[in-house]
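The structure under discussion appears below in the form of structure tokens.
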Amino acid sequence: MRVPVVCPYCGVGCRLYIEKTPEGYRLDYADDILGIPNEKGSLCPKGNAVLDLFSKDRLKKPLKAKEEGKFVEISWGNAIKEVAIRLREIAKDDPNQLMFFGSAKTYNEPNYLIQKLARMLGTNNIDHCARLCHSSTVAGLKAVFGAGAMTNTYRDIEMADVIVIWGHNYAETHPVGFRYVLKAKERGAKVIVVDPRYTRTAWFSDIFLQLHPGTDIALANGMMQVIIKHGLYDKDFVEKRTVGFSELKKTVEKYSPERVEEITGVPAELIEEAAVTFARAENAVITWAMGLTQSVHGYDNVRAIATLIAITGHIGRPGNGASPMRGQNNVQGACDLGVLPNVFPGYQAVTDPDKRKAFEKFWRVPLSGEVGLTTVEATHEALRGRVRAYYIMGENPVISEANSRNVLRALRKLEFLVVQDIFPTETTRLADIVLPATSMLENEGSLTNTERRVQWSFKAIEPPGEARPDWWIVSEIGKAAGFTRSGTGGFNYNSPEEILREINAIVPQYRGITPERLKRNLAGIHWPCPSEDHPGTRVLYAGGFLTPDGKAHLASVDHRPPAETPDEEYPLTLTTVRYVGHFHTLTMTGRSELLRKRWREPFLEVHPNDAERFELKEGRWALIETRRGRYVARVKVTTAVKPGVVAIPWHWGANVLTNDALDPVSKIPDTKACACRVKPIGDAEAKRILEELRNEGVVA
Ligand SMILES: Nc1nc2c(c(=O)[nH]1)N[C@H]1C(S)=C(S)[C@@H](COP(=O)(O)OP(=O)(O)OC[C@H]3O[C@@H](n4cnc5c(=O)[nH]c(N)nc54)[C@H](O)[C@@H]3O)O[C@H]1N2
Ligand SMILES: Nc1nc2c(c(=O)[nH]1)N[C@H]1C(S)=C(S)[C@@H](COP(=O)(O)OP(=O)(O)OC[C@H]3O[C@@H](n4cnc5c(=O)[nH]c(N)nc54)[C@H](O)[C@@H]3O)O[C@H]1N2
Ligand code: SF4
Ligand SMILES: [Mo]
């Protein structure tokens, strides 16, 4: 029997079948299911290689550390008991000494449970990788439109006449979703790409705006200046549906294309052309991702883009809208279900006394109204000794967080670290207790893709050893911690379906998305879906916005440089990127021989002028140094990057270099721009440094 599952990698949310045959498991394309994100069943290299990894060196038994990195196997009973007792003990002194990490790599149901556990223990210290990713989108879009999610779907991208792709290497990072862009292009749509690198995505562009890293606000303001000056904004929309236009007009007046050319390096004529093309389009969308969000002014970057969308009226209609492309397979769901320190499930603020009361009644415990810590803040608090224990479900912060050496020191300082993963990782190595989870394909549940599309994925593969579903592990810990009441006040669950029904009851956006409906409807349902007979919502804001007055709040923001800019000592800007064949910290794709062979190692992209200036040679080793650390990679000399900018993928551990300065609003770290210097080094020296970093445990 072919079992329908959802790809466990990225936020596109492709479907595929897995079939058990006498020769082993077999992958098949879901080409007969209508309306799914991957029409005709097509998959990208990672999706195609999905079966490659689930049998390799998995975690199969709960482990307890004897010393760092040395473990003994223990029973599930003892593991659960020990975790619950230690969490309770530390919570007794002060629950804010605990920090919880949910996981965008697992289903909605365990994510709902882990935030419920944190909150029932008395703390809002719960966060996940969205903090390093789209936290500036969530905060920025909430400020302008009233809610933080993508306002449209892939179908709308396909229908657009102009598609602006901003700080987003769409072709490599959402490859199957990118087909909707190609379909629009075949129909004659214009593609505008904004990126400091000439990426595979830029290759498909009609207009390419190659800006200096960290100058996005200036560019957006320049485009708005042109649009307002030529009267190309949507006057009716601005008047009826927005506030703040006169202040915006004043702010962007200063950003003439000539001045913006000086700041961004983009020729003034191209800025004009892009602005006019976007504003004149009947239907237009802007997609964005990490190039825009991962910045100390990520919140303002997003507000500027949302404002550009609003003044041109490109929102609230099919074929238009704001498309922040969510990255992980279930990062949208983890956010929706309150794996964030400031909101309960359904984006209900912990600081709102009425919302808090409703959750206190539902879970039958008193709850904290104090906003909790974010991931990077928790690292800083752990270093100060104020956070004493972490429970990490499905994240690998030692490789993924900015300034990773700090993370390593923080995790070592903790009194108690629990990590729940499917593989041994750089983070499990530091754990006191390791809990072996089943992978998504070995268990079932609901997950939510970037389009707010909730889909059910079924169990297709038998889990190895004693690995258990994430929802089961968290509910056992919840019961062992004393939350044994029946119903919504405890953790007595027998299935993910039961948990989703609890979510249906308390999360307004998910009210009509029941397990029964999802199992019947394999193409899923887009939230908000307020009742069981509601079809789900594809396009947001056809009526009012979700701000208190129903209007879009236009943002007037000024250009500022990144937290760290080049100087004499560190003369280049370093940015970090992704490869199509690898996912994040390599825990999964690094175990696929096929992918590892094709995408073998990280390359440092350097412009020919800089290669000459710093004596770097194609294919030879470079030493890259920043104020936080050093790292080595082979050199790729290319005009894809601008002079003065170097780029490196972070999959293998480049976060030893990056800056953990934070955006004050979204608390996202500045992983797309920091100052660095480079120089050539020999083979032996490079290998020695890599070995050192590996022994230290900061690179994969
Ligand atoms: N193959 C693959 N796909 C993935 C992932 C993966 O690891 N591998 N991860 C998933 C996740 S979680 C996410 S969030 C997405 C991320 O998807 P993307 O954001 O597309 O990925 P990145 O390569 O990190 O960054 C995108 C682009 O930002 C550009 N950039 C750098 N600095 C700036 C700047 O200052 N301004 C602008 N405008 N652009 C800049 C970079 O040159 C890069 O091309 O991908 C998802 N899909
Ligand atoms: N320099 C730099 N740093 C970055 C970025 C960047 O662009 N530049 N991007 C940032 C972004 S956008 C993101 S999203 C973060 C990602 O950061 P992380 O989420 O820390 O990275 P992953 O490697 O995806 O870690 C997920 C972990 O979950 C495990 N896992 C997989 N499936 C399951 C499951 O079903 N259950 C459980 N319990 N575990 C599972 C995996 O083995 C892995 O260890 O990294 C950020 N870091
Ligand atoms: S595009 Fe994303 S969801 Fe689709 S197959 Fe590739 S990794 Fe999986
Ligand atoms: Mo992400």
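Scanning region 375-399 for residues that are part of a loop (DSSP other than H, G, I, E, B) and either of a type in the set (Ser, Thr, Tyr) or within 16 Å of ligand 4 (Cβ to nearest atom) (or both) yields Gly394, Glu395, Asn396. Does Met99 meet the test of being crowded, with 24+ Cβ neighbours inside 10 Å, assigned to a strand (DSSP E or B), in contact with a strand residue (DSSP E or B) (Cβ under 9 Å, 6 or more places away or on another chain) and modelled with pLDDT of 95 or more? Answer is yes for this residue. Among the residues of region 457-481, which ones are assigned to a helix (DSSP H, G or I), over 20 Å from Tyr9 (Cα atoms) and hydrophobic (A, V, I, L, M, F, W, C)? Residues satisfying the conditions are Trp472, Ile473, Val474, Ile477, Ala480.
Can you go through Gly265, Gly333 and tell me which one is touching a Leu at 6+ places or on another chain (Cβ under 7 Å) and surrounded by fewer than 24 Cβ atoms within 10 Å (Cβ to Cβ)?
Working: Gly333 fails: surrounded by fewer than 24 Cβ atoms within 10 Å (Cβ to Cβ).
So the residue among Gly265, Gly333 that is touching a Leu at 6+ places or on another chain (Cβ under 7 Å) and surrounded by fewer than 24 Cβ atoms within 10 Å (Cβ to Cβ) is Gly265.
What do you reckon, is Gly122 over 18 Å from the mean Cα position of the chain (by Cα), outside the structural domain of Gly13 (by TED's automatic domain parsing) and more than 16 Å from ligand 3 (Cβ to nearest atom)? Here the answer is yes, as Gly122 does meet what is asked. Filter region 123-155 down to the residues that are within 16 Å of ligand 2 (Cβ to nearest atom), closer than 22 Å to Ile525 by Cβ and assigned to a helix (DSSP H, G or I) and list them by number. Matches in region 123-155: Ala130, Val138.
Does Thr151 satisfy the condition of being closer than 20 Å to Ile286 by Cα and either of a type outside the set (Ser, Thr, Tyr) or within 16 Å of the chain's Cα centre (by Cα) (or both)?
Answer is no for this residue.
Select from region 1-13 the residues that are away from ligand 2 (no atom under 16 Å from the Cβ) and buried (at least 22 other Cβ atoms within 10 Å of the Cβ) and list them in ascending order. Across region 1-13, there are no qualifying residues.
Within the set Thr277, Thr293, the sole residue that is in contact with a strand residue (DSSP E or B) (Cβ under 8 Å, 6 or more places away or on another chain), farther than 27 Å from Pro669 by Cα and away from ligand 3 (no atom under 16 Å from the Cβ) turns out to be Thr277.
What number of residues within region 193-208 satisfy the criterion of being assigned to a loop (DSSP other than H, G, I, E, B) and either in contact with an Asp or Glu (Cβ under 6 Å, 6 or more places away or on another chain) or not polar (S, T, N, Q) (or both)? Full working, then the answer.
At the first step, the residues of region 193-208 found to be assigned to a loop (DSSP other than H, G, I, E, B) are 195-196, 198-201, 205-206.
Still in the running and either in contact with an Asp or Glu (Cβ under 6 Å, 6 or more places away or on another chain) or not polar (S, T, N, Q) (or both): 195-196, 198, 200, 206.
Counting residues in region 193-208 that are assigned to a loop (DSSP other than H, G, I, E, B) and either in contact with an Asp or Glu (Cβ under 6 Å, 6 or more places away or on another chain) or not polar (S, T, N, Q) (or both) gives 5.
Taking region 9-24 as the range and being assigned to a loop (DSSP other than H, G, I, E, B) and under 16 Å from Gly524 (Cα atoms) as the test, the residues that pass are Gly11, Val12, Gly13, Cys14. All of (1) over 21 Å from Leu211 (Cβ atoms); (2) buried (at least 18 other Cβ atoms within 10 Å of the Cβ); (3) in contact with a strand residue (DSSP E or B) (Cβ under 8 Å, 6 or more places away or on another chain) hold for Pro562 with one exception: (1).
Which residues, taken from region 669-683, are outside any strand (DSSP E or B), over 24 Å from Gly265 (Cβ atoms) and not acidic (Asp, Glu)? Walk me through it before giving the result.
Taking region 669-683 first, the residues outside any strand (DSSP E or B) are 670-673, 681-683.
Now narrow it down to the ones that are over 24 Å from Gly265 (Cβ atoms): 681-683.
Selection gives Ile681, Gly682.
Close Cβ contacts (under 8 Å, 6 or more residues apart or on different chains) running from residues in region 421-443 that are on the phi < 0 side of the Ramachandran plot and near ligand 2 (Cβ under 6 Å from one of its atoms) to residues that are in a helix (DSSP H, G or I) and among the β-branched types (Val, Ile, Thr) comprise Asp421/Thr428; Thr425/Val398; Thr425/Ile399; Ala437/Ile473.
The values are calculated or read from the model by the stated rules, or taken from the named source; none is laboratory data. From a predicted model like this one, the values you see are computed outputs, not experimental measurements. Neighbour counts are summed over all protein chains in view; Cβ atoms, including those assigned to glycine, are modelled from backbone coordinates with ideal geometry.
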